[in-house]
Amino acid sequence: MVKDENAGKQDAPERINFNAVAVKWQKKWAEAAIFKAKEDSKKKKYYVLEMYPYPSASYLHMGHVRNYTIGDAYARFKRMQGFNVLYPMGYDSFGLPAETAAKKEGIHPRKYADDAMKKIMEYQKALGNSYDWDRVLYSHDPDYIKWNQYFFIKLLEKGLAYRKKAPVNWCECCQSVLANEEAEGGKCWRCDKEVVKKDLSQWFYKITAYADRLLEDLKKIDWPEKIKVMQENWIGKSYGTEIDFEIDDEKWSIFTTRPDTIYGVTFMVISALHPRLLELTDAKHKPEVEAFIRKCQKVRTPEEIEALEKEGVFIGKYAINPINNEEVPVYAGNFVLADYGCGMVMAVPAHDQRDFEFAKKYKIPVRVVINSPMFDLNAEKMSRAYTSEGSLINSGEFNGSASYDAINEITQHLEKTGKGRKTIQYKIKDWMISRQRYWGTPIPIIHCPQCGVVVVPYKDLPVLLPDKVDFNAAENPLLSSKEFLEVKCPKCGGQAHRETDTMGGFVDSSWYFLRYCDNKNKDKPFDADKVNYWMPVDQYVGGAEHAVMHLIYARFFVKALQDLGFVKFDEPFSKLFNQGILYKDGAKMSKSKGNIVTQDQIAKLYGIDTARFFLMFLAAPDKTMEWDDKTIEGTYRFLVKVYRMITEKKIVDKNIKNQESKTHKAIKEVTENIESFDYNIALIKIMDLANYLNSKEEISRKAAETLLLLLSPFTPHIAEELWEKIGNKDFISIAKWPAYDEKKIDEKLEAGEELYEKIRKDIISLQELTGIIKPNKVVFILPDNWKYSFIKELKKEMEKTRNAGELIKALCAKDKTHAKLIANFVPKFVKNPDKIPMVVLSAAEEKKALDDCIAGLEKEFKTKFEIVAEKESKHEKAANAMPGKPAIIFE
RNA sequence: GCGGGCGUGCCGGAGUGGCCAAACGGGACAGACUCAAGAUCUGUUGGCUUAGUGCCUACGCAGGUUCGAAACCUGUCGCCCGCACCA
């Protein structure tokens, strides 16, 4: 039989149009402006922020919906908890895609960006997120550009911005600089020719000046460990020794973490890309070296680098080892980084794997200077470098020292002779902000033939992009605009030209979160009081892919602004949450993979709240999760159930004890779960509560309202609609988050309900097993065994100790036959002596609890029930009965 | 190579020392309702079973700690993610 999967969807009259509900409330929220954030509140502030998106898409897919919902649920939760919440949205609207579109489709990047923004905003609004839409900002806004340039100048004045030559991706064929994305795989995206590294003047922000603070302050912030570790590695602090070797009577320093191996140096290697390599090279060897440099200039993919064999050429020079005045040959090599350390290394083949490979290839001697404590090393027979610790040999006066100690001893020795010193190296490099592109913030600099590099005066800001440029120009389109290029020098008034580099997008995103605090300020980038009120961001939400880019730049920027006196804090984001990636068909959901499910599709079918709920329910927000078309049906069913329950069931204005207890327990758990981003667990608890209430004839108003309040961060529209339907006039979105009272959580009541449920299930399964649907009589046999006396015994023992292990041992010694039961029950008492439900009851109390159930059970099963004490029972199985659950017999 | 994480039932995914054969959802199966289907409701869904508050097997694999382990430790295999010739 073929099932029509859509049959139900099409003609099921009970299908509720959650879409109309969403539209209705989005309109009302906007009209009442309830999500507007104000500084003058008496309430404690809370700043929730999602990383502002690049406005590219013509749709949002479920991956986006998931990300935005994580933040929105949190913002709503905090708002309801009584915080003064700032939750803004903006757009990272500068960048390459807009420019590429301009090139391909002839659309101006500004139009492209404006259109995309309009679209994405529309989609975001349809999500029902509680953004303060009055605070929208975007990076190509002339106001934003102005302050972006303003900060550039401030940093320049402080010496934190500078210009120097640096290698960039260069395509000889197109005569153009390429962004990294355009040079993927070492080939030009346009002409497919090989790309080379070329030195050009570039602008930098001096992030290295903050390396230590960036590292240290990681301790202060509550971020995922993974991100912190990535930043630590990126900053890459290492302690070592700088040692001066002499080449041609000139001092050439190198950096090493292993000065203890200095007697093992048999050659030196200078990076093939070292700026002074040719200067150092012997005339005779120049052609060879030059050819080698060209070979090394090709941009390579990480895979190629991995597979790359260590290679080099002798440059005809010798270096003098400062420790023993030995002469060793100097090579240019492809495995030494030009921009780390000094761009040159001392090579110790016996104790460094790279040096070892190089030495073997070029038949350079290997000299063992660290001997292994386990075996004697033999330079001739070694198949790989020995990089562990050991004791020094062949090392003059240091022979016999442990390598660990020798690091200091040798460094101190070199310090005395002035040939070396302790030093710290960082891997992090200064942040190159220059882009040879059109669609970015122009760098506010003028080049004057008379005065040199001149800063654009503050009063002339912003320097805006010219509209008419040739986007198909091979190089930076800005160079095609005379109107932009030609200016008068602000200093001498002579003819000068503008800097054509623009800033990379990460500059924009390094302070946008500050501008949200005061996004309309015309006189200043922001008002200090406002920023100091809202900042730092209390909860930042975004992808882990920004770990060492945006997240480190923004930290640097804030520290620099602190030093410049703009802000009073030194970390922008107190807490960070990384959302997981959404997969479909085994791959990350993305347009390029073609495996997307769009917001539209799902909203049309189920309403946006269903999508929100489902995305938060299926997996913890920080885990990768797989989209599943089928499972969302279940979520929809649940929401329909809630809708029916609230609109159709009897809501009563009285207090119902059991419901009150359940409700307070749910509040407690859900609140904790949301706080810690365990949204999936929170939703399970909410479902539990809903299902429980749904099983009752009537629902207390308090319980119904609580359910809606708990639900509202996740399904705000439906919650709002139902809130209104049960007679509330205000918005649930700004209603008070329910408080719980520990005293209202009545474990005994819960236990009573549980008992009822257990018995009910037992009766049903007995019905199935025996085939007796309607027994004449159901008999409960109350236990009257060792258990009650065991409890007394236990209480006695517990006065002596609360250690579960000891208690079990003690009790088992007295009663070996019940060892297993003892082990099972003891720990529960130890953990929670007051709250163990049925077990602590006496036989009489237990009978009473049972009595309480019977009325309901008799009604439900339409049968007589009877309670019999074990002694009076003629049934054998009664012997097994335990307190907390009587044996059940049909008669 | 270095760093981070993960491995649970038919599936997604909870659970990090004791009411765990394992939440919640999906799927499957059975029953109720219905002329029927859908929707809804109820139950079952590791094996054995004398049906029990029972036994056995199970949370990648192998050991260990503990009265007790899916959870803690050690080793091992497999997968994912980041960084990567950093001297």
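Throughout, read-outs are computed from the coordinates displayed, never taken from laboratory work. Because the structure is predicted, anything quoted here is derived from the model rather than measured. Neighbour counts run over all protein chains shown; Cβ positions are idealised from the backbone, glycine included.
Add +1 for every Lys or Arg and -1 for every Asp or Glu among the other residues with Cβ under 13 Å from the Cβ of A:E246, and state the total.
Numbers: positive: A:K251, A:K317, A:K419; negative: A:D244, A:D248, A:D249, A:E250, A:E326, A:E327.
Net charge around A:E246: -3.
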Only Lys, Arg, Asp and Glu count, each charged at its Cβ (+1, +1, -1, -1), so figure out the dipole size of chain A about its Cα centre, rounded to 20 debye.
-> 1940
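What value, in deg cm²/dmol to 500, does the helix sum -39500 (n - 2.57) over DSSP H runs of n ≥ 4 give at 222 nm once divided by the residues of chain A? Write out the running numbers ahead of the final one.
Values: 30 runs with 354 residues, N = 891.
Calculated at 222 nm, the ellipticity per residue is -12500 deg cm²/dmol.
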Relative to the longest principal axis of the C-alpha atoms of chain A, give the angle of the C-alpha long axis of helix A:96-105, reported between 0 and 90° and rounded to the nearest 10°.
-> 80
Lys/Arg Cβ at +1, Asp/Glu Cβ at -1, dipole of chain A taken about the Cα centre: which of A:C489, A:S661, A:V229 is farthest positive-ward?
-> A:S661
Taking H placed 1.01 Å from N in the peptide plane, check which residues at least 5 places from A:F865 or on another chain put their amide H under 5 Å from its amide H.
-> A:V778
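Of the beta bridges DSSP finds with both residues in chain A, what % are antiparallel, to the nearest 5?
On the way: 67 of 95 bridges.
Once the DSSP bridges in chain A are tallied, antiparallel ones form about 70 percent.
Subtract the Cα-Cα distance of A:Q495 and A:N233 from 0.36 nm times their separation in residues, and report this length gain in nm to one decimal. List each step's numbers first, then the result.
Values: separation 262, 0.36 × 262 = 94.32 nm, distance 4.72 nm.
My answer for the length gained is 89.6 nm.
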Top positive-direction residue, dipole computed over chain A with Cβ charges, set A:S253, A:N399, A:M121 = A:M121
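Within chain A, what is the longest stretch that has no chymotrypsin sites (Phe, Trp or Tyr not before Pro) placed in a DSSP loop and near at most 14 other beta-carbon atoms within 10 Å? List each step's numbers first, then the result.
Working: sites that count: A:Y59, A:F375, A:F569.
No qualifying site falls inside A:570-891, the longest such stretch.
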Convert each backbone phi in segment A:252-266 into a coupling constant with the Karplus relation 6.51 cos²θ - 1.76 cosθ + 1.60 (shift: θ = phi - 60°), then list the ³J(HN,Hα) values in order as whole Hz, x for Gly and Pro.
-> 10, 8, 10, 10, 8, 9, 10, x, 4, 9, 4, 6, x, 5, 10
Enter the angle in degrees (range 0 to 90, nearest 10) between the Cα long axis of helix A:62-80 and the first principal axis of the Cα atoms of chain A, meaning the one along which they spread out most.
-> 70
Label-to-label distance, nm, for residues given as A:K165 and A:K45 (7 Å Cα→Cβ offset) | 4.7
Pairs A:K111/A:K522; A:K165/A:K197; A:K45/A:K118; A:K685/A:K848: which exceed 18 Å Cα-Cα?
-> A:K111/A:K522; A:K45/A:K118; A:K685/A:K848
Which ³J(HN,Hα) values in Hz, rounded to whole numbers, follow from the phi angles of segment A:116-124 under the Karplus curve 6.51 cos²θ - 1.76 cosθ + 1.60, where θ = phi - 60° and Gly and Pro get x?
-> 4, 5, 4, 4, 5, 5, 4, 5, 5
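Normalised by the residues of chain A, what does the relative contact order come to in percent, with Cα pairs under 8 Å and at least six apart? Show your work: numbers first, answer last.
Values: 1494 pairs, mean separation 115.1, N = 891.
In percent, rounded to a whole number, it is 13.
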Under Karplus coefficients 6.51, -1.76 and 1.60, residue-wise ³J(HN,Hα) of segment A:200-205 in Hz, glycine/proline x = 9, 6, 9, 8, 10, 9
Can you pull out the trypsin sites (Lys or Arg not before Pro) in segment A:129-179 that DSSP calls coil and that have at most 13 other Cβ atoms within 10 Å?
-> A:K158
Within segment A:241-271, whose backbone N sits under 14 Å from a point 7 Å along Cα→Cβ of A:D199?
-> A:271
Identify, among A:S695, A:Y533, A:H550, the residue whose Cα sits farthest towards the positive end of the charge dipole of chain A, taking +1 on the Cβ of Lys and Arg and -1 on the Cβ of Asp and Glu, with the dipole about the Cα centre.
-> A:S695
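Just how large is the dipole of segment A:265-373 about the Cα centre, in debye to the nearest 20, putting +1 at every Lys and Arg Cβ and -1 at every Asp and Glu Cβ? Numbers along the way, then the final one.
Working: 14 positive and 15 negative charges, 47 e Å.
For segment A:265-373, the charge dipole is close to 220 debye.
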Taking every pair of alpha-carbon atoms in chain A, what share in percent sits in each 20 Å bin, from 0 to the bin with the longest distance?
-> 11, 31, 29, 20, 8, 0
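Tell me, what is the FRET efficiency for A:E793 and A:D622 to the nearest 0.05, using R0 = 60 angstrom and their Cβ-Cβ distance as r? The partial results should precede the final answer.
Details: r = 47 Å, r/R0 = 0.79.
For R0 = 60 Å, the calculated efficiency reads 0.80.
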Roughly how many debye, to the nearest 20, is the charge dipole of segment A:586-632 about its Cα centre, given +1 on each Lys and Arg Cβ, -1 on each Asp and Glu Cβ, and no other charges?
-> 160
If Lys and Arg each add +1 and Asp and Glu each add -1, what is the summed charge of the other residues whose beta carbon sits under 13 Å from the beta carbon of A:N233?
-> +2
For a footprinting-style exposure proxy, rank A:C342, A:C173, A:C517 by other Cβ within 10 Å, fewest first.
-> A:C173, A:C342, A:C517
Got a sec? How would A:R760, A:R498 order by Cβ neighbour count within 10 Å, fewest to most?
-> A:R760, A:R498
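Net charge near A:D460, counting Lys/Arg +1 and Asp/Glu -1 over other residues with Cβ under 12 Å of its Cβ? The partial results should precede the final answer.
Working: positive: A:K146, A:K459, A:K488, A:R498; negative: none.
After counting each charged neighbour, the total is +4.
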When A:T801, A:T208 are ordered from fewest to most other Cβ atoms inside 10 Å of their Cβ, what list results?
-> A:T801, A:T208
